[in-house]
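The values are calculated or read from the model by the stated rules, or taken from the named source; none is laboratory data. The model shown is predicted, which means the values in this text are computed figures rather than measured ones. Don't worry about glycine lacking a Cβ; one is built from the backbone with ideal geometry, like all the others, and counts go over all protein chains shown.
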2 protein chains.
Amino acid sequence: MRASQFAINTMKETPAEAEIVSHQLMLRAGMLKKLASGLYTWSPLGLKVLRRVEAIVREEMDAAGALELLMPAVQPAELWEESGRWQQYGPELLRLTDRHGRDFCFGPTHEEVITDYARRELKSYRQLPVNFYQIQTKFRDEIRPRFGVMRAREFVMKDAYSFHADAESLEQTYQLMYTAYSRILERMGLAWRAVVADTGSIGGNASHEFHVLADSGEDAIAYAVDGDYAANVEMAPTFPVDGPRAAPTEAMTEVATPNARTIEDVTAALELPASRTVKTLLVVGSEAPAVALVLRGDHSLNEIKAIKHEAVAEPLTFIDEAEAPKLTGASVGSIGPVGLDTPVIVDFAAAALVDFACGANKNGHHLTGVNWGRDLPEPATADLRDAVAGDRAPGGQGKLDICRGIEVGHVFQLGDKYSRAMNCEVLGEDGKPITPLMGCYGIGVSRIVAAAIEQNFDDRGIRWPQPIAPFTIAIVPIGANKDETVMEKAEAIYADLRARGIEVILDDRGMRPGAAFADWELIGIPLRVVVSPRGLAAGQIEVRRRDAEASEDIAADGLFDWLDAQLA
Amino acid sequence: MRASQFAINTMKETPAEAEIVSHQLMLRAGMLKKLASGLYTWSPLGLKVLRRVEAIVREEMDAAGALELLMPAVQPAELWEESGRWQQYGPELLRLTDRHGRDFCFGPTHEEVITDYARRELKSYRQLPVNFYQIQTKFRDEIRPRFGVMRAREFVMKDAYSFHADAESLEQTYQLMYTAYSRILERMGLAWRAVVADTGSIGGNASHEFHVLADSGEDAIAYAVDGDYAANVEMAPTFPVDGPRAAPTEAMTEVATPNARTIEDVTAALELPASRTVKTLLVVGSEAPAVALVLRGDHSLNEIKAIKHEAVAEPLTFIDEAEAPKLTGASVGSIGPVGLDTPVIVDFAAAALVDFACGANKNGHHLTGVNWGRDLPEPATADLRDAVAGDRAPGGQGKLDICRGIEVGHVFQLGDKYSRAMNCEVLGEDGKPITPLMGCYGIGVSRIVAAAIEQNFDDRGIRWPQPIAPFTIAIVPIGANKDETVMEKAEAIYADLRARGIEVILDDRGMRPGAAFADWELIGIPLRVVVSPRGLAAGQIEVRRRDAEASEDIAADGLFDWLDAQLA
């Protein structure tokens, strides 16, 4: 491709509308143009990346035996009524009415449509297992669309749905998809993690999310430093501390802490680290008016875990400022487990403390040197908190660390949620009808483009991993107006690279070198080749990797060896 | 691909819902599944054809220098208000409202979106010409969707839009697109015609339609037997008859034609062919209360041509049964040009008649042996009718013939209709703003699939042209349960063909030969290879072209030569 023919259109300024790096860089590089809130046109440059992502997804889905089909974007309300989601789904479902007054939606997902397809297409267990997928435009009417294509209203998604005669078959296809997703992200040259996920409102039994790692990611992921384990922080279990507690060394002492309401206030007043204090949270109990949850001052309550505790009433309800003094004699900031007249549940980590500080159940006072089993009973313990870096990983995989990720894929074992609700049946081996089990597997194709940028950029622009770069190499001729052999050489290299099937762009725009280089760095082309009169005179060509500190001069006839080495 | 893994699902019965052959065969072959009125899921088999069509379209658009981008399907009403189409477009425009109450539509076409894109992307004439295209799902809320994907509500279209500094540049790109469309249909192995078309409601200056020829086509096309000329029948001009008229041989005679009201009645009563009679149609004139339009009895009035005549009032208004006698003294069935007290305009062909018959302006009577210049004045002539087979083609291209076609593509010179309405301007060469001229170029990608079937089928099923067939070859092993070398040989051929990059399907379903053959003939695979114990014993393989009368046995080691010959 010649740059003059490719509608390259970069901008220097960072557009005010863009809050995150990927959105800023996609606009600046000219990959996107906003049409309306949450609606974007992919320019020729942007679409090249989207198509490369799509192609890798398609190849791996095909290789895993999934069959591509194409369902309509517009879906009849009747099917959503069968599944119950017409009522359940909120305003994110874009509902519409056709000229005859019939209700439809612009599909955000296709469980209903594929289940309807399957119940008419599949007659026998012999047709199972089968895994259908599509790569298609979807719509989710986000209340506040932002972050460009990271959270657009209209987006491109690969969604797959599998059907099975039994749970073992579902598990097999689930594993195939897990492997396919791993290969997809690996082939794209991205750093990623598969994490154990909550199955959320969609229901079902087993689920993993696939995250592209990036400091700007919305989700915190706890992962094993020495193993494969990873989970959303909320999902990662924590464990009792190994070995016996140390012996107390301090006496329990009441200390005045006037005006200390937060953990920060208390630690400052007591000159103790937060990890030597505990906080006591009062919630409504399932069998008592209140239950006290005790955590280390530096830890966060995990509400999902708390709700699962049998002593805690569902939904989780905190006891407020007005009510707390009636139960404890103190306001919320001064409550502690010593002498408390409610059931007390202590997080594993808080239960391992010695000589710790806590509220004195007396306004403006705390206790220091408190010890379990001496100043108050040995505690009832539980896992109540979010995991943190340094926690023990499950399964003997060493310690956990925390990173941030952007969810780009999700695999679910749906079970029979949709097939049962929609009466999807096939004849089983014994001639009796069975309800197939389903899995579903989604990848945000357009989202991956943005996530890849969040992971790969610097202050000059995007740094595409080579497998999804819009072009692999940019050839920039310099001084072509003074020396005609420059353009001849550039054209010769261009022709050679094209003949080798390499995606190459020839910068024939005649711009100043600095401006041209800035464009290709902003756009993020992995390799750059510069042809100049000075270089040609010396039989040399200047080459540079986008991720290298500097360019280097190599012998002109060594160019292809250098390229082969970069692409290997 | 192995048939057992590809969800092949044919049906013997013709579905009652399908009115036309392509729809029937697509459902029977298992290419489509209806989701709701005008909404279809493309099965893996159907999608394979759709993708092959898409790929050819994309390759030719790229080769013609067009740049692929991707615009949102959902479009804001504001842009349609700027162009004026929010009001003009009827209920075929699927309008919808987002959660914030803002109006949008599901785009049936993208002139507004691309013009908005261009006005923000293009700053200078130096960026022109540029031609953007996309392959995308569109929606048209047809009042009565039918004929399957031929006239679906949701459909896949390739739409392109070009921008130009001047008319010459527009004409160049228009010709490039004309050539690209010709190549696309040629490469697909379809019989087709490019026809001169009316520019219709979209406006603009020049337009061609691309039709796939099929007896079932909705449109009649007049084409030059000895040349390239073709036009929609309504658009083809007719010409004055060459040379002088023959001398009269009969005397004008009044004949009683009681109860003769139609041309058929009159020709039966007079024992004359319709081509020796004229019919006289009274319409409201632009300067007279009525104007008589005179055509040969076997010709049809072309209303578009009639309206363009200066003597005819717009809109075209026929004078009815009640009014006609007041103006002519006779009812509609007995009107004729002799002695008529209104302006008379005579079609070129009617003006060439001698000794013809016409109404006598006296109820129940006609005149025979009528001659222009003797019994009534030499006529004022015009082109008033639809062309018919045997008419002279324009430009010395011999005679016209008529065929039927299915419109699958359309190229337009839009001019500045949208760019002016939407204030799309770029700086011209002289530094002053200019309004770019636009062209637009559409291909119905999903429609081509149906049109290809309408052109290529027989009583056994579809006969795909090889370039768009879902698979090029089906390998059918027979008697594999009795002779294990059959499957070995079939697998070996399968592996060899795949290695050669040929799209092949191996029928590993173990069905009866007759049922298997019927499937592949219904699905329309161009070539079939049968491996059987009997054949193997004789060192032979049975091969058959889908369009051949019978199969043939060839030497097993000559298979690839035979295939190469078929694919050449």
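Of all residues in region B:499-520, those satisfying the criterion of being buried (at least 20 other Cβ atoms within 10 Å of the Cβ), under 34 Å from the mean Cα position of the chain (by Cα) and within 19 Å of B:LEU47 (Cα to Cα) are B:VAL504, B:ILE505, B:ASP519, B:TRP520. Among residues of region A:105-125 that are more than 30 Å from B:ASP98 (Cβ to Cβ), those with a Cβ under 6 angstrom from a residue that is small (Gly, Ala, Ser), sequence gap 6+ or separate chain, pair up as A:TYR125/A:ALA165; A:TYR125/A:GLY428. Taking region A:244-363 and the strands (runs of 3 or more DSSP E) fully enclosed by it, the elements with 2 or more residues that are touching a Gly at 6+ places or on another chain (Cβ under 8 Å) are at A:253-256, A:278-283, A:356-359.
When every residue of region B:464-475 is checked against the conditions, at least one turns out to be within 30 Å of B:MET177 (Cβ to Cβ) and in contact with a Phe, Trp or Tyr (Cβ under 8 Å, 6 or more places away or on another chain). Of the residues that make up region A:423-432, is at least one touching a residue at least 12 places away in the same chain (Cβ under 8 Å), surrounded by 20 or more Cβ atoms within 10 Å (Cβ to Cβ) and part of a loop (DSSP other than H, G, I, E, B)? Yes, there is a match, as at least one residue in region A:423-432 is touching a residue at least 12 places away in the same chain (Cβ under 8 Å), surrounded by 20 or more Cβ atoms within 10 Å (Cβ to Cβ) and part of a loop (DSSP other than H, G, I, E, B).
Out of all the residues in region B:415-437, is one or more among the acidic types (Asp, Glu) and either within 20 Å of B:SER22 (Cβ to Cβ) or within 22 Å of the chain's Cα centre (by Cα) (or both)? Working first, answer last.
Let us first name the residues in region B:415-437 that are among the acidic types (Asp, Glu), namely B:416, B:425, B:429-430.
After this cut, where a residue has to be either within 20 Å of B:SER22 (Cβ to Cβ) or within 22 Å of the chain's Cα centre (by Cα) (or both) as well, the list is none.
So far as region B:415-437 goes, no, none of its residues is among the acidic types (Asp, Glu) and either within 20 Å of B:SER22 (Cβ to Cβ) or within 22 Å of the chain's Cα centre (by Cα) (or both).
Hey, any hits in region B:151-163 for a residue that's at pLDDT below 95 and either within 14 Å of chain A (Cβ to nearest Cβ) or within 17 Å of the chain's Cα centre (by Cα) (or both)? Scanning region B:151-163 turns up at least one residue that is at pLDDT below 95 and either within 14 Å of chain A (Cβ to nearest Cβ) or within 17 Å of the chain's Cα centre (by Cα) (or both). Suppose the filter is more than 18 Å from A:VAL370 (Cβ to Cβ), surrounded by 15 or more Cβ atoms within 10 Å (Cβ to Cβ) and charged (D, E, K, R); does A:ARG193 pass it? Yes; evaluated as a whole, the condition is true for this residue. Just one residue in the set B:ILE505, B:ILE453 is closer than 30 Å to B:ALA152 by Cα, at pLDDT 95 or above, touching a helix residue (DSSP H, G or I) at 6+ places or on another chain (Cβ under 9 Å) and in a strand (DSSP E or B); that residue is B:ILE505.
Hey, can you tell me all the residues within region A:520-549 that are among the basic types (Lys, Arg) and touching a residue at least 60 places away in the same chain (Cβ under 8 Å)? Write out each step before concluding.
Of region A:520-549, the ones among the basic types (Lys, Arg) are A:528, A:534, A:544-546.
Within region A:520-549, A:ARG546 is the sole residue that qualifies.
Scanning region A:121-143 for residues that are more than 10 Å from chain B (Cβ to nearest Cβ) and assigned to a loop (DSSP other than H, G, I, E, B), we see that the one that is nearest to A:PHE104 (Cα to Cα) is A:ARG140.
Per this entry, B:GLU310 is counted among residues that are over 23 Å from B:VAL255 (Cβ atoms), at pLDDT below 95 and loosely packed, with under 15 Cβ neighbours inside 10 Å.
Hey, among A:ALA260, A:ALA292, which residue is within 27 Å of A:ALA387 (Cβ to Cβ) and surrounded by 12 or more Cβ atoms within 10 Å (Cβ to Cβ)? Give the steps one after another, and end with the answer.
Details: A:ALA260 fails: within 27 Å of A:ALA387 (Cβ to Cβ).
Going through A:ALA260, A:ALA292 in turn, just one is within 27 Å of A:ALA387 (Cβ to Cβ) and surrounded by 12 or more Cβ atoms within 10 Å (Cβ to Cβ): A:ALA292.
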